[in-house]
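A short write-up of the structure that comes next.
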Amino acid sequence: MESTKPGAIEAVLRKICVISNYFAGVVLAFLVIVLVADVFGRFIDHPVLGSYEIVQYGFGLVVCLSVAHASMASGHISIDLLFGAFPKSVQRALVMFSEILSIPMFALIVWRLTADGAQAYKISERSTTLGIPVWIFQFALALGFALLATVITLQFIKSLGGRE
Amino acid sequence: MSPIIIGVIGFAILFFLILVAKIPIGFGMIVVGFLGTVYLTSADAAIGFLGHQVFATAANYDMAMVAMFILMGELAFNIGMGEKAFASILKWCGRMPGSLAMASIGASAAFAAVCGSSPATAATIGSMALPEMKKYGYDDSLATGCIAAGGTLGILIPPSLGFILFGLLTEQSIAKLYLAGILPGILLTALFMITCSIVARTKPAKFAPPKVSMREKIVSLGGLLEILILFAIVIGGLGFGLFTPTAAGAVGVFGALVISLIKRTFTWDKLIRAFIKSTQTTALIITIFIGAMIFNYFLAASTLTFEMGKIVAGLPVPPILTIAAILVMWLILGCIMDATGMIVLTVPVVYPIVVALGYSPIWFAVLGVLMIEAGLISPPVGMNVYIIGGIAKDVPLGTIFRGIVPFMVAICVCVVIIMAFPRIALFLPGAM
């Protein structure tokens, strides 16, 4: 029972990451449309109003929706040169050390993004041209990094149990 | 302890974390940058900065260009633009010694004009050219070496992820950086082709490709035309200031889609695959970039880079020797690090030195990208070599690395020429 729990959680987490990555693709497609419409629009003096802000905040959404899946699917860019020379037990300890450092760091980022989002909500901070509420994107990014922190935590639990 | 010493210690810890503990580069930079900033300023300031910087880097119009150009390259890869370029150049290279290897280099250069990724260029051209070269009895080391080397043109000829990262880190114009890469890209392509021709004379192929009529040659140009049109629209529009770099990337995506629709190579499956892969690659790069921004803040607080710039500029050695020393350092780092990590880790440190010495940052970026190219084919971590190794499974990695040596010499010759004649890199940015 104990050993199946991380597996079940991982399956759910994987599904969430995959679905959110699809949404990231949809948002990216939307940004392409906005940018191209803006380029063509400028030639006929009808640029897309607020295209800069749409792309700016939209790109934040792309990052938050894909960051956890990128970590799960491809793994973050790291260097294998010396690590590969260590015995398996040392490698496992080093991976756990790296995860122990990363988890609180991302938890801190989630907390700060949430706190900044709450502050932006309180003062009704909005973008200058379209009046887009900024807090939505701060909370969204907090959620994306929370998902990433969860992925790393799960990897840590698996390392703790001696599983790859 | 002085802030500079803290900066040095921070660097040492970061190198330990990424080289020994294998912590992802971006994560390592966030951790060390944050803790270093806590030490040098205050916990409150560092925590406040952390949230602000993550949001400012992720929700950023300029950063969106990373996604746009990656997507453009992915689409070009998925709709088979490289295949037609290879077929066309092959017909024009004729039956001279090493013609297939030269065609592979030419096709790599052509594909690089729509794709900013070196491994993607190597994989695209490699999957087509390697079986052809095998068929005509090419030496394994020449066949694999030229494809791995040709792939590196992906980050020199615009659009280029290397130049995007340089530009974002040093606040240099992406348009100027892109234009600066064109002539050195053509020069390196020519040097690679000459290398192929020389090596092929010492290791001749068993068979020559069949003769091709002039009519066939002219018809085949259609395969290059679509790349040329897309390149002209994206880089031309950017160079003439018609749109921003981010919009240029989006126009490139749109153009690639239109071409795939006209050529009937479009499928929903390919489109979805390109979008999903692009968002993932982008997220990985943005995470590294968030780390770079936090680490750079710490470095700035430590005044390490500023002081280093002053010290190096004051050294009683010719400035060009300092540049050469930086390039050698990059060559060595390129052997152990991937291109993105190397750029974000070292550019903030060496950039103030280059500026203090009075050199053009654009020229320096071109030299930097050339060194990254060398790193991509250097043992033991040369990424392109492993990609080619994955395609040519029967060729030992040692043979590929042996085949790369002449192309490494060509890159070094290119670096020396551009150091001696900076106008090769600076002419186009200055003319626009």
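The values are calculated or read from the model by the stated rules, or taken from the named source; none is laboratory data. Here the structure is a predicted model, which means the values were calculated and not measured. Neighbour counts are summed over all protein chains in view; Cβ atoms, including those assigned to glycine, are modelled from backbone coordinates with ideal geometry.
Brief remarks follow.
- Qualifying residue in region B:136-144 (condition: under 17 Å from B:Ile387 (Cα atoms), crowded, with 24+ Cβ neighbours inside 10 Å and not hydroxyl-bearing (Ser, Thr, Tyr)): yes
- Flag for B:Met133 being touching an Asp or Glu at 6+ places or on another chain (Cβ under 6 Å), at negative phi and part of a helix (DSSP H, G or I): no
- Just one of (1) surrounded by fewer than 24 Cβ atoms within 10 Å (Cβ to Cβ); (2) touching a residue at least 40 places away in the same chain (Cβ under 8 Å); (3) under 27 Å from A:Ala142 (Cβ atoms); (4) not basic (Lys, Arg) fails for B:Gly33. It is (1).
- Scanning region B:329-348 for residues that are closer than 22 Å to B:Ala300 by Cα and touching a residue at least 24 places away in the same chain (Cβ under 8 Å) yields B:Trp330, B:Thr340, B:Gly341, B:Met342, B:Ile343, B:Val344, B:Leu345, B:Val347, B:Pro348.
- A single member of B:Ile18, B:Ile13 is out of contact with any Lys or Arg (no Cβ under 7 Å at 6 or more places or on another chain), buried (at least 23 other Cβ atoms within 10 Å of the Cβ) and part of a helix (DSSP H, G or I), and it is B:Ile18.
- Checking B:Arg264 against (1) within 14 Å of chain A (Cβ to nearest Cβ); (2) out of contact with any helix residue (DSSP H, G or I) (no Cβ under 8 Å at 6 or more places or on another chain), the condition it does not meet: (1)
- Test: residue in region B:38-58 that is closer than 30 Å to B:Glu226 by Cα and touching an Asp or Glu at 6+ places or on another chain (Cβ under 7 Å): no
- B:Ala200, sole failed condition from (1) more than 18 Å from B:Ala113 (Cα to Cα); (2) crowded, with 18+ Cβ neighbours inside 10 Å; (3) within 14 Å of another protein chain (Cβ to nearest Cβ); (4) in contact (Cβ under 8 Å) with a residue 12 or more places away in the chain: (3)
- With respect to the conditions (1) touching a Phe, Trp or Tyr at 6+ places or on another chain (Cβ under 9 Å); (2) surrounded by 18 or more Cβ atoms within 10 Å (Cβ to Cβ); (3) within 27 Å of B:Ala58 (Cα to Cα), A:Gln155 lacks only one, and its number is (1).
- Inclusion of A:Ser66 among residues that are among the polar types (S, T, N, Q), in a loop (DSSP other than H, G, I, E, B) and either within 10 Å of chain B (Cβ to nearest Cβ) or more than 28 Å from A:Val18 (Cα to Cα) (or both) is not warranted.
- Those residues of region B:40-90 which are among the aliphatic types (A, V, I, L, M), part of a helix (DSSP H, G or I), more than 14 Å from every other protein chain (Cβ to nearest Cβ) and closer than 29 Å to B:Ala122 by Cβ, in sequence order: B:Ala76, B:Met81, B:Ala85, B:Ala87, B:Ile89, B:Leu90
- Among the residues of region B:213-250, those identified as assigned to a loop (DSSP other than H, G, I, E, B) and either of a type in the set (Ser, Thr, Tyr) or under 30 Å from A:Val48 (Cα atoms) (or both) are B:Ser213, B:Phe240, B:Gly241, B:Leu242, B:Phe243, B:Thr244.
- Qualifying residue in region A:76-85 (condition: within 20 Å of B:Gly291 (Cα to Cα), facing chain B (nearest Cβ under 8 Å), part of a helix (DSSP H, G or I) and out of contact with any Leu (no Cβ under 6 Å at 6 or more places or on another chain)): no
- Flag for A:Cys17 being over 19 Å from A:Gln155 (Cβ atoms), crowded, with 22+ Cβ neighbours inside 10 Å and not acidic (Asp, Glu): no
- Verdict on B:Leu187 being crowded, with 17+ Cβ neighbours inside 10 Å, more than 14 Å from every other protein chain (Cβ to nearest Cβ) and touching a residue at least 40 places away in the same chain (Cβ under 8 Å): yes
- The set of residues in region A:27-52 being under 30 Å from A:Thr150 (Cβ atoms) and either more than 8 Å from chain B (Cβ to nearest Cβ) or among the polar types (S, T, N, Q) (or both) consists of A:Val27, A:Phe30.
- Considering residues of region A:14-25 that are facing chain B (nearest Cβ under 8 Å) and not hydroxyl-bearing (Ser, Thr, Tyr) only, the residue nearest to A:Val63 (Cα to Cα): A:Ala24
- Annotation note: Cβ proximity below 6 Å between a residue of region A:95-120 that is within 10 Å of B:Ile23 (Cβ to Cβ) and more than 7 Å from chain B (Cβ to nearest Cβ) and a residue that is part of a helix (DSSP H, G or I) and of a type in the set (Phe, Trp, Tyr) (sequence gap 6+ or interchain) occurs for A:Glu99/A:Phe156.
- On inspection, B:Ile30 does not qualify as more than 9 Å from every other protein chain (Cβ to nearest Cβ), closer than 16 Å to B:Tyr297 by Cα, assigned to a helix (DSSP H, G or I) and hydrophobic (A, V, I, L, M, F, W, C).
- If the condition is being under 17 Å from B:Met342 (Cα atoms), aromatic (Phe, Trp, Tyr) and touching a Ser or Thr at 6+ places or on another chain (Cβ under 6 Å), then region B:260-318 contributes only B:Phe289.
- Residue match in region B:148-156 (condition: modelled with pLDDT of 90 or more, assigned to a loop (DSSP other than H, G, I, E, B) and touching a Leu at 6+ places or on another chain (Cβ under 8 Å)): yes
- For B:Ala283, the conditions (1) in contact (Cβ under 8 Å) with a residue 60 or more places away in the chain; (2) at the interface with chain A (Cβ under 9 Å from one of its Cβ atoms); (3) within 20 Å of the chain's Cα centre (by Cα) all hold with the exception of (1).
- Residue match in region B:109-118 (condition: in contact (Cβ under 8 Å) with a residue 40 or more places away in the chain, under 26 Å from B:Thr281 (Cα atoms) and aromatic (Phe, Trp, Tyr)): yes
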